[in-house]
Amino acid sequence: MFFSLNNKNHLVTFQQAVIQGLAPDNGLYFPEKLTTLPQDFFDAIENLSNEEIAFQAIKQFVGAEIPENELKKIISETLSFDFPLIKLDENVFSLELFHGPTMAFKDVGARFMSRCLTYFNKNKNQKNTVLVATSGDTGGAVASGFLGVKGVDVVILYPSGKVSDIQERQLTTMGQNITALEVNGVFDDCQDMVKKAFLDKDLKYKNLTSANSINIARWLPQMFYFFFAYKELKKLNKKLIISCPSGNFGNICAGIIAKKIGLPIAHFVASTNANDTIPRFLVDGKYEPKPSVATISNAMDVGNPSNFIRIQEIYNNDLSEFEKEFSSYTFSDEETLFEMQNIFANTGYISEPHGAIGYLGLKKEMQNHADCVGVFLETAHPIKFLDTVEPTLNITLDIPKQIEHVLNKQKKSIKILNYDELKVFLIK
């Protein structure tokens with residue numbers, strides 16, 4: 001069962017939480033209990049396939065809502081690409097999460113959620129409207145994951161002029177059951193509109209759900225990456241530190257859940273850009289979000305990260321609990337560009353702005369831990385940010401086949417100014 005973080009007495013099943021997205025009281029859903037995986041699972045993890053690892057990790061959260069054979073099929077379709085770990089030096093690795101259909105880490109959550117929703121709807125004659133806000137990669141991943149899914153319409157809200165050209169093409173050129181709404185504002189405005197729509201009684205008949213990481217079926221599968229990294233690095237027999245470039249904090253929150261069910265990760269680093277709400281929180285325990293500011297790492301331009309309330313729940317909102325296994329650092333665009341050049345010059349590795357921030361946070365935290373191994377997450381392919389990567393590194397990137405097919409497609413979006421215009425669109 002899952003409870004609302006605004007009311008722990010409000011309990012729903014996995015299916016209900018997926019379909020609702022957000023609780024009626026605007027609270028995010030959270031697992032009622034976390035069961036530690038058996039030690040023999042970790043003892044033999046290097047001998048297991050990624051699909052078997054993912055099944056063991058997620059099944060306690062799905063329960064009996066999806067039969068085991070169906071859940072294994074969903075996982076198999078979700079994990080149909082690689083998650084390579086690239087060695088940069090003796091103790092630092094990049095975990096590349098961008099080898100899926102839209103070349104972003106969110107492909108896993110979007111594919112898992114779309115298939116869960118398809119299973120839940122297969123014997124129902126009803127339609128769901130998936131409403132999603134994006135600061136970059138979520139939109140494309142959700143559009144790809146839900147394209148052509150029966151009984152589902154997808155509406156993507158994105159901030160005009162604040163996503164990269166390729167990201168915008170991925171979410172505006174799909175057609176079919178996918179519609180892109182271009183918002184005159186920032187990501188937080190898009191996210192606020194989505195949450196407001198869920199609480200609007202006039203829209204109840206639309207069966208709204210979210211495909212942002214506030215939805216448990218988008219959020220929880222992100223645990224898988226952390227298990228895969230541990231599987232590969234277990235043989236080094238060193239403490240593992242993982243640094244996540246963090247915007248809405250769903251990815252790192254899933255990693256912390258993985259730790260709470262037994263995965264041996266010593267420390268997490270939430271690496272942020274100038275949107276420093278969480279680094280400031282860790283100084284004095286005051287959560288004071290500010291309007292987001294635009295940076296070259298646009299997918300992290302989030303001033304009020306939705307998922308942080310889940311992390312507060314895990315650590316009982318106690319700074320002393322945070323300090324044991326969680327840090328967060330902020331870095332400027334200038335530091336990011338310098339580090340992209342530094343990584344390329346020293347290792348030949350091509351990072352993009354989000355990955356470079358992950359690397360910066362990792363190196364900073366590793367100064368506090370002797371004899372450890374560190375992993376930073378590369379959450380999107382550099383091609384998504386070629387306007388930054390190519391001039392910074394003085395290189396020309398090859399266009400991957402996953403991107404090539406959207407470059408010549410025509411962008412189609414509907415411009416909206418505020419929630420009233422979103423509501424009018426949804427009611428049409």
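A Cβ-based charge dipole, computed about the Cα centre of the chain with Lys and Arg at +1 and Asp and Glu at -1, lands at about 1500 debye.
Here the contact order of the stretch 199-274, divided by its residue count and restricted to Cα pairs under 8 Å and six or more residues apart, works out to 33 percent. Over 32 Å apart at the Cα level, from the set Lys127/Lys412; Lys87/Lys196; Lys286/Lys384; Lys150/Lys415; Lys196/Lys364, are Lys87/Lys196; Lys286/Lys384; Lys196/Lys364. What is the stretch 332-427's relative contact order, in percent, from Cα pairs under 8 angstrom and six or more apart in sequence? Relative contact order, the stretch 332-427: 23 percent.
Over the C-alpha trace of the stretch 1-82, radius of gyration and Dmax come out as 14.9, 44 angstrom. Sorted on the mean count of surrounding Cβ atoms within 10 Å across their residues, most packed first, peptides 390-396, 17-23 read 17-23, 390-396. Across the protein chains, with a 1.4 Å probe defining accessible surface, the residues Arg115, Arg310 rank Arg115, Arg310 from largest area downward. Under a Gaussian network description of the chain, with springs only between Cα atoms under 10 Å, the residue in Ile309, Ile399, Ile66 that fluctuates furthest is Ile399. Compare Leu377, Leu397, Leu282 in a GNM of the chain, Cα atoms joined below 10 Å, and give the one with the largest fluctuation. Of Leu377, Leu397, Leu282, the most mobile in the Gaussian network model is Leu397.
For Rg and Dmax of the Cα atoms in Å, the candidate list reads [x] 20.1, 60; [y] 26.8, 99; [z] 19.9, 66; the entry that matches the value derived from this model is [x].
Helical content of the chain, expressed as a calculated mean residue ellipticity at 222 nm, amounts to -12500 deg cm²/dmol (DSSP H runs of 4 or more residues, -39,500 (n - 2.57) each, divided by residue number, nearest 500).
For Thr209, the residues whose amide H sits under 5 Å from its own are Thr129, Val130, Leu131, ignoring neighbours fewer than 5 places away on the same chain, with H placed 1.01 Å from N. Antiparallel versus total DSSP beta bridges in the chain: what percent is that, nearest 5? Around 20 percent antiparallel, to the nearest 5.
Here is the list for the stretch 1-103: trypsin sites (Lys or Arg not before Pro) lying in DSSP coil, each with at most 14 other C-beta atoms within 10 angstrom of its C-beta, are Lys33.
Within a straight-line Cα-Cα reach of under 16 Å, Lys33 can be paired with the following lysines, leaving aside sequence neighbours fewer than 8 residues apart in one chain: Lys8, Lys59, Lys259, Lys260.
Considering only Ser320, Thr396, Gly140, and ranking their Cα positions along the charge dipole of the chain that arises from unit charges at the beta-carbon of Lys, Arg, Asp and Glu, the one farthest toward the positive end is Gly140. Per-residue surface analysis assigns Tyr329 an accessible area of about 40 Å², computed on protein heavy atoms at 1.4 Å probe radius. If you run the Gaussian network model on the chain, springs between alpha carbon atoms under 10 Å, then out of Ala370, Ala345, Ala356 the most flexible one is Ala370. The Cβ shell under 15 Å around Gln176 holds other residues with a net charge of +3, Lys and Arg each +1, Asp and Glu each -1. The GluC sites (Glu not before Pro) found in the stretch 344-428 include none that occupy coil by DSSP while having at most 11 further C-beta atoms within 10 Å.
Kindly provide the GluC sites (Glu not before Pro) of the stretch 1-56 that DSSP labels as loop, not H, G, I, E or B, and whose Cβ sees at most 15 other Cβ atoms within 10 Å.
For GluC sites (Glu not before Pro) across the stretch 1-56 that sit outside H, G, I, E and B with at most 15 neighbouring Cβ atoms in 10 Å, the list reads Glu32.
Determine the shape class of the stretch 231-341: with a ≥ b ≥ c the square roots of the Cα gyration tensor eigenvalues, call it rounded for a/c under 1.5, and otherwise prolate if a/b is greater than b/c, oblate otherwise.
Because a/c hits 1.5 or more and a/b fails to exceed b/c, the stretch 231-341 counts as oblate.
Net charge in the neighbourhood of Glu390 (other residues with Cβ under 14 Å of its Cβ; Lys, Arg +1, Asp, Glu -1) is -3. Summary value for the chain: 19 percent relative contact order, contacts being C-alpha pairs under 8 angstrom separated by 6+ residues. Computed with a 1.4 Å probe over protein heavy atoms only, the accessible area of Met1 comes to about 110 Å². Oblate is the label for the stretch 18-175, because a/c, from the alpha-carbon gyration tensor with a ≥ b ≥ c as root eigenvalues, is 1.5 or above and a/b does not exceed b/c. Taking the stretch 208-242 and a reference point 7 angstrom along Cα→Cβ of Asn368, the backbone N atoms nearer than 15 Å belong to 240-242.
The values are calculated or read from the model by the stated rules, or taken from the named source; none is laboratory data. Please read these numbers as outputs of a predicted model, since none were measured by experiment. Reconstructed Cβ throughout: ideal geometry from the backbone, glycine too, with neighbour counts over all protein chains shown. These accessible areas exclude ligands, DNA and RNA; they are computed on the full protein's heavy atoms, side chains included. Shrake-Rupley method; radii C 1.70, N 1.55, O 1.52, S 1.80 Å.
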